[in-house]
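Working notes, beginning with the structure itself.
Throughout, read-outs are computed from the coordinates displayed, never taken from laboratory work. Everything quoted here is computed from the prediction, not taken from an experiment. Backbone-built Cβ (ideal geometry, glycine too); neighbour counts: all protein chains shown.
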Amino acid sequence: MIRLAIQKSGRLSEDSLNLIRECGISFLSSSYKLKTEATNFPLEILFLRDDDIPGYVQDGVADLGIVGQNVLVEAGFPDLEVEKLGFSKCRLSLAILRSEAYNSVADLQGKNIATSYPQILGRYLAGEGVQANLHTISGSVEIAPSIGLADAICDIVSSGSTLLGNGLREVETVFRSEAVLIANQQLTAEKQELLEQLQFRMQSVRRARR
Ligand code: PRT
Ligand code: ZN
């Protein structure tokens, strides 16, 4: 039996469940449950908040997980990634008020930047030789500039309409993300074999979708 953690309710949930189903795995799903067992594959599915998934897989509470690379890398466990899944594509971008002038990332020197991704942003700015004051906030990052809380933000963007609606413009792409399959690094031989079977099926599903 192998244990897979997926997001309980959010942007990754439906695509994660669909992928498992398309792999030919059946299970009884009910949205209020915390876990469920597959009926035709030795798989247990745990439903968790996405932020908790990398740590649980690192610690072996779950053997496998499906999570966005943004959350995985921010949590500090990039090495757990074993397979790109091709959904929930998005980017982590820097944005400023539309009325502000902007030439290059050097313009952010000494500025206040609000983000939920201080690790990824901090590394990016260090690589660009820019020193800024990062303010970590967990939600509603995009309203920070208009209420005077920050000069810029760094947040997840997909269509860009949230930025537009908050009078912001995207000025730099910091990180590109998609959903990935992650695995604990000390799986038993039996679990490793199950992981390989799952990866094989996931790759077939992706090929068939193209
Ligand atoms: O409750 P839990 O902690 O599990 O979920 P969550 O609220 O932290 O995460 P959730 O469900 O919002 O997102 C899960 C993952 O989906 C993220 O970590 C990303 O990997 C991925 N993803 C893909 C996105 C988006 N697209 C996205 N657009 N996550 C968030 N957004 C936000 C974005 O920040 C913006 O505020 O959606 C808003 C709309 O985006 P636009 O650009 O299309 O307007
Ligand atoms: Zn989350």
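Net charge of the neighbourhood of residue 145, taken over other residues with C-beta under 13 Å away and scored Lys/Arg +1, Asp/Glu -1, is -2.
Translational diffusion coefficient of the chain at 37 °C, 0.692 mPa s, Stokes-Einstein with Kirkwood Rh over Cα pairs, in µm²/s as a whole number. Please report the intermediate quantities before stating the final value.
Values: Rh = 18.5 Å.
In µm²/s, the coefficient rounds to 178.
Among beta bridges from DSSP that stay inside the chain, the antiparallel ones total about 65%. The long axis of helix 13-22 is offset from the longest Cα principal axis of the chain by roughly 30 degrees. For segment 90-177, the antiparallel share of DSSP beta bridges with both residues in that region comes to about 65%. For segment 1-92, applying the loop criterion from DSSP together with a ceiling of 16 other beta carbons within 10 Å to the trypsin sites (Lys or Arg not before Pro) yields 11, 33, 49, 89. Taking other residues whose beta carbon is less than 13 angstrom from the beta carbon of residue 1, and scoring Lys, Arg as +1 and Asp, Glu as -1, yields -2. In order along segment 47-56, phi translates into HN-Hα couplings of 10, 9, 6, 4, 5, 7, 5, x, x, 5 Hz, rounded to whole numbers, per the Karplus curve 6.51 cos²θ - 1.76 cosθ + 1.60 with θ = phi - 60° and x for Gly and Pro.
Taken as Cα centroids, segment 1-44 and segment 157-175 sit 32 Å apart, rounded to the nearest whole angstrom.
Multiplying the sequence separation of residue 49 and residue 187 by 0.36 nm and subtracting their Cα-Cα distance, what value in nm do you get?
Residue separation times 0.36 nm, minus the Cα-Cα distance, leaves 47.4 nm.
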